[in-house]
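Enquirer: Below is one structure. I have some questions about it.
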Amino acid sequence: MNKYLLVIITIVIGNYLNSQNLEPFEISDEWLTHIQEIAPSKPTTIVKKKRNILVFSLHTGFKHWTIPHTEAVIMKLANKSGAFNVVSSKYINEFTKEQLNEYDAIILNNNCSIRPRRNIFLDILDMNKNLTPEEKNKKAGQLENNLLEYVNNGGGLMVLHGVVTMLNKSRDFSKLVGGSFDYHPKQQMIKVELVNPEHPMVSAFKGEGFEHVDEPYIFNNAYRDFNFRPLLSMSLNKIKGIKEDSKDDISYISWIKKYGKGRVFYCAPSHNPQSYSNPQFLEFLLDGMQYVSGDLKCDDSPINKPK
C-alpha cells in the first residue's frame, strides 16, 4: 500500500476513535413531546410574576446544529414551569439600551462569530454599505457597552456553550462572561463533576456528576482570574487532546458570577441536543434561568485566583 495513503487512513481512523461526534437530527414532534415530558413541572423558586427573557440565537461564524434545539428547550422550560415569558430574536438591534431594558434576563445561544476578528456585531454591521469603517466600529462598541451596562445595572445574562466566541477578542466581554474561548479537543465522552455537591445551583444532580458526549472547552483571558463561583468541572487528565503546556488538573465548565448588580450563568455543556434528554440537566438549566433572573438566591461569591 502507498505509504502516504496509509498515513491518511491512519489519521482518519485515529480521528474517528478519538472523537464521538453525535449524529445531528431535526426537531420533531416526538422529540418536543419527550422534552415536554421530562422537563421540570415547576421552578425551584416559586415566583408571583413571570420574568421576561430574550433568547438571542444569531450566529455569523460556526453554526452549532444545536441552536434551534436549545431555543426549543428554553421555550419548553419557560412554558412548563410557568416562570418566564420568552422572546426569540436574531437581530442585533436587541442590544440597544431601550430594547435590553424590556427584559429581566438575556440568554445568549451559541452566538459564534467569524474568525479571526471574533466580533458578531461587526460581522453584521459590515453588511451595511452605508456605514464607514469608523461608524461600524463605533456602533459595535456601543452595542457591546449596552450589554455590559445592562448586566452591571442589574440585568441577568445566561451564556450557553459557544457564546464565549461572540466577542472573543474583547477583554471586557471576557470579564463579563468569566473567560474567553481558547480551544477544544475533539468531541468525546466527558465525566462532568460537581464542584460542590451542596451548592443549590447543582441540586438537580442529586450529588452525582454525569457523563455525556461534548466538546471539552478550555478557556483563557479572564478565566485565569477565577472571578466566579464554579459549578461543574472536568478532570483534564481524562480528556484526550489537551495541550502539553496545560498547568491545570481540572477545567471549570460551568459557573455563576456577579457583574456589578447583575448576574451571569455560563454553561459550556452542551454541544449536542442529545444531552437534553437528561432531565437533571434540564432542571439545571431552569435553575440557571432563575438565577440570572434574580429569583434563585445562592452563593455566587468568586473563588478568585488560587494562592
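Enquirer: First check a/c for the range 122-202, with a ≥ b ≥ c the square roots of the eigenvalues of its C-alpha gyration tensor; if it is under 1.5, answer rounded, and if not, answer prolate when a/b is larger than b/c or oblate otherwise.
Expert: Since a/c reaches 1.5 but b/c is at least a/b, the shape of the range 122-202 is classed as oblate.
Enquirer: Count the net charge of all other residues whose Cβ sits under 9 Å from the Cβ of T44, scoring Lys and Arg as +1 and Asp and Glu as -1.
Expert: -2
Enquirer: Report the Cα centroid-to-centroid distance between the range 44-85 and the range 161-217 in angstrom, as an integer.
Expert: Taking the Cα centre of the range 161-217 as reference, the centre of the range 44-85 is 18 Å away.
Enquirer: Now a separate question. Could you size up the charge dipole of the chain around its Cα centre, putting +1 on the beta carbon of Lys and Arg and -1 on that of Asp and Glu, and report it in debye to the nearest 20?
Expert: Around 700 debye, computed over the chain.
Enquirer: GluC sites (Glu not before Pro), restricted to the range 102-135: which are DSSP loop and have at most 16 other Cβ atoms within 10 Å?
Expert: E102
Enquirer: Turning to a different aspect of this structure: By its C-alpha gyration tensor, with a ≥ b ≥ c as the square roots of the eigenvalues, how is the range 24-99 shaped: rounded for a/c under 1.5, else prolate for a/b larger than b/c, else oblate?
Expert: oblate
Enquirer: In addition: Please list the non-local residues whose amide H lies under 5 Å from the amide H of Q187, H modeled 1.01 Å from N, same-chain partners needing a gap of 5 or more.
Expert: For Q187, whose amide H was placed from the backbone, the distant partners under 5 Å are Q20.
Enquirer: Among N196, N152, P24, whose Cα sits farthest toward the positive end of the charge dipole of the chain (+1 at Cβ of Lys/Arg, -1 at Cβ of Asp/Glu, about the Cα centre)?
Expert: Among N196, N152, P24, the one farthest towards the positive end of the dipole of the chain is N152.
Enquirer: Moving on. Which far-off residues, 5 or more places away or on another chain, put their amide H under 5 Å from the one on H212, with H placed in the peptide plane?
Expert: Here the answer is I190, V192, since their amide H atoms fall under 5 Å of that of H212.
Enquirer: A follow-up question, please. Compute the Cα gyration tensor for the chain, then decide on rounded, prolate or oblate, letting a ≥ b ≥ c be the square roots of its eigenvalues: rounded whenever a/c is under 1.5, prolate when a/b is larger than b/c in the other cases, and oblate in all that remain.
Expert: Because its axes are fairly even, with a/c under 1.5, the chain counts as rounded.
Enquirer: Nearest 20 debye, what's the magnitude of the dipole of the range 77-193 about its Cα centre given +1 on Lys and Arg Cβ and -1 on Asp and Glu Cβ?
Expert: The dipole magnitude comes to about 460 debye.
Enquirer: In this model, which of K63/K97; K97/K257; K97/K139; K206/K305 are farther than 24 Å apart at the alpha-carbon?
Expert: K63/K97; K206/K305
Enquirer: Per residue of the range 45-50, what does 6.51 cos²θ - 1.76 cosθ + 1.60 with θ = phi - 60° give for ³J(HN,Hα)? Whole Hz please, x for Gly and Pro, Karplus curve as stated.
Expert: Along the range 45-50, the couplings run 10, 6, 10, 8, 10, 5 Hz.
Enquirer: Only bridges whose two residues both fall in the chain count here: according to DSSP, what percent of them are antiparallel, nearest 5?
Expert: Of the beta bridges lying entirely in the chain, close to 50 percent run antiparallel.
Enquirer: Right, next: Would you calculate, for the chain, the mean residue ellipticity at 222 nm contributed by helices, counting each DSSP H stretch of 4 or more residues as -39,500 (n - 2.57) and dividing by all residues, to the nearest 500?
Expert: -9000 deg cm²/dmol
Enquirer: Give me the 1.4 Å probe accessible area per residue for the chain, excluding ligands and nucleic acids, in Å².
Expert: 49
Enquirer: Starting from the range 128-208, pick out the trypsin sites (Lys or Arg not before Pro) whose DSSP state is loop and whose Cβ has at most 12 other Cβ atoms within 10 Å.
Expert: Of the trypsin sites (Lys or Arg not before Pro), the ones in loops of the range 128-208 whose Cβ has at most 12 other Cβ atoms within 10 Å are K129, K206.
Enquirer: Something else now. In whole percent, how big is the carbon plus sulfur part of the accessible area of the chain, probe 1.4 Å, protein atoms only?
Expert: Percent of accessible area from carbon and sulfur atoms in the chain: 50.
Enquirer: Hey, what do the phi angles of the range 119-128 turn into as Karplus ³J(HN,Hα) couplings, whole Hz, using 6.51/-1.76/1.60 and θ = phi - 60°, x for Gly and Pro?
Expert: For the range 119-128, the Karplus curve yields 9, 5, 5, 5, 4, 7, 5, 4, 6, 8 Hz.
The values are calculated or read from the model by the stated rules, or taken from the named source; none is laboratory data. Every value quoted in this text rests on a predicted model; they were computed, and no experiment measured them. As a convention, Cβ positions derive from the backbone with ideal geometry for all residues, glycine included, and neighbour counts pool all protein chains shown. SASA here: full protein model, heavy atoms, side chains in, ligands and nucleic acids out. Shrake-Rupley method; radii C 1.70, N 1.55, O 1.52, S 1.80 Å.
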